[in-house]
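A short write-up of the structure that comes next.
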Amino acid sequence: MMNAIRSAWRELAGLFIEDWRFALAIAVWVVVGIFALPHLLAAVWRGPVFFLGVVAILVENVMRSPRP
Amino acid sequence: MIPDWTHSAPVILAAFLGSFVEFVEALTIVLAVAVTRNWRSALTGAGSGAATLAILVLLLGPSLGSVPITLLQVGLGILLLFFGTRWLRKAILRGAGIIGLHDEAAIFERQTEKLRSVPGAGRGIDSLAFLTSFKAVFIEGLEVVFIVVAVGAAGNLVAPASIGALAAGLTVAMIGVVVHRPLARVPENWLKLAVGVLLSAFGVFWIGEGLSYRWSGGDWAIVAMIGGFLATALLMIQILRKRTRQALAR
């Protein structure tokens, strides 16, 4: 039973997380987007800055990927 | 006035493409089970997986209506962002040749070999076949449900998203009935890249909506972000391919 629950949890988590560093960076950026950006930027700039942050995390992660 | 298609067209497209990929993956496993064990068990398992999923959706679906819209937008936006960027990252790495492409034919071969190595149960319901088929349809179906709910619920667009997913399911089922083989020629990586782009853009947009960010251009910000993610992904594939070629030449 525990194995089945563990396996189901792994399957479920696997839908969203593959590379833990990447997922952690996105999670931290989401926290920044929720708590910090509203205090630091005007409303009109929050969206573009949040989007560019996600793009930067993606670019950094794939550039750091090992060569084949 | 901004046409409603700004919202619903990307939703239908995201649901169709995302669901198409998931249905193709489920079809590969169900076909492998059917040809190596028996059709009856494979189809019963697939049907039971779909039915279990439908019951779960009917039980849990209405509870989404009681969640405050801003919380729903932020929550689903975060899940979409994780799900979409995961697909996008993987599609970039696959497109650049850093990790291997998803090969339905190879998966079919591996699955049939594994299933053949276990003795069958004759003409009755074969538990291995039933469970393998059930799990494939349930897991891939869960992803379809997630895509439909996540891209649709936050903007009250579950109906267009469901239409997209249903169209994908019917298309894959019809092709499966006709060809009786895994759909190895589907350009799965490009589909995943497209879905990753769409879901990531929706994720960022819904998080922003839930947090009362003011998007310049309103809903057109989704289209702009789709363009931004797509351009970034294609550029990264080119840069990484070049880097790989240079590394191999050394």
Query raised in the report: Where residues in the stretch B:113-140 are surrounded by fewer than 17 Cβ atoms within 10 Å (Cβ to Cβ) and hydroxyl-bearing (Ser, Thr, Tyr), which of them is nearest to B:ALA15 (Cα to Cα)?
Result: B:SER127
Report task. Filter the stretch B:214-227 down to the residues that are under 25 Å from B:LYS192 (Cβ atoms), surrounded by fewer than 20 Cβ atoms within 10 Å (Cβ to Cβ) and without any contact (Cβ under 8 Å) to a residue 24 or more places away in the chain, then identify the one that is farthest from the chain's Cα centre (by Cα). Result -> B:ALA224
Report task. Six or more apart or on different chains, Cβ under 7 Å: which pairs go from a residue in the stretch A:7-20 that's on the phi < 0 side of the Ramachandran plot and modelled with pLDDT of 80 or more to one that's in a helix (DSSP H, G or I) and polar (S, T, N, Q)? Could you list them? Result -> A:ASP19/A:ASN61
Query raised in the report: Limited to the stretch B:76-102, what total is found for residues that are more than 7 Å from chain A (Cβ to nearest Cβ) and either surrounded by 14 or more Cβ atoms within 10 Å (Cβ to Cβ) or closer than 15 Å to B:GLY155 by Cα (or both)?
Result: 11
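Could you list, in sequence order, all residues of the stretch B:141-159 that are surrounded by fewer than 23 Cβ atoms within 10 Å (Cβ to Cβ) and either of a type in the set (Phe, Trp, Tyr) or within 16 Å of B:VAL195 (Cβ to Cβ) (or both)?
If the condition is that a residue be surrounded by fewer than 23 Cβ atoms within 10 Å (Cβ to Cβ) and either of a type in the set (Phe, Trp, Tyr) or within 16 Å of B:VAL195 (Cβ to Cβ) (or both), then B:LEU142, B:GLU143, B:VAL145, B:PHE146, B:VAL149 are the ones that fit.
Filter the stretch A:39-68 down to the residues that are charged (D, E, K, R) and surrounded by fewer than 19 Cβ atoms within 10 Å (Cβ to Cβ), then identify the one that is nearest to the other protein chains (Cβ to nearest Cβ).
Per the stated criteria, the residue is A:ARG67.
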Query raised in the report: Among the residues of the stretch B:174-213, which ones are under 30 Å from B:VAL67 (Cβ atoms), of a type in the set (Gly, Ala, Ser) and over 16 Å from the mean Cα position of the chain (by Cα)?
Result: B:GLY208, B:GLY210, B:SER212
Query raised in the report: (1) closer than 25 Å to B:ILE29 by Cα; (2) buried (at least 19 other Cβ atoms within 10 Å of the Cβ); (3) away from chain A (no Cβ under 11 Å): which one isn't true of B:GLN73, the others all being true?
Result: (1)
Report summary line: Checked pairs for the stretch B:234-249, first surrounded by 15 or more Cβ atoms within 10 Å (Cβ to Cβ), second in a helix (DSSP H, G or I), C-beta under 7 Å and 6 or more apart or across chains, list as B:MET236/A:VAL59; B:MET236/A:VAL62; B:MET236/B:ILE92; B:ILE237/B:ILE92; B:ILE237/B:GLY95; B:LEU240/A:VAL62
Query - B:PRO160 being over 23 Å from A:TRP9 (Cβ atoms) and either assigned to a helix (DSSP H, G or I) or at pLDDT 90 or above (or both) - result: yes
Requested in this report: Please state which one of B:SER8, B:SER41 is out of contact with any Lys or Arg (no Cβ under 7 Å at 6 or more places or on another chain), surrounded by 22 or more Cβ atoms within 10 Å (Cβ to Cβ), more than 14 Å from chain A (Cβ to nearest Cβ) and of a type in the set (Ser, Thr, Tyr).
Outcome: B:SER41
Query - Selection status of B:LEU211, aliphatic (A, V, I, L, M), in contact (Cβ under 8 Å) with a residue 24 or more places away in the chain, over 22 Å from A:VAL30 (Cβ atoms) and within 10 Å of chain A (Cβ to nearest Cβ) - result: no
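The values are calculated or read from the model by the stated rules, or taken from the named source; none is laboratory data. Predicted model, so just to flag it, every value in this text is computed and none were measured. Here the Cβ is made from the backbone with ideal geometry for all residues, glycine too, and neighbour counts use every protein chain on show.
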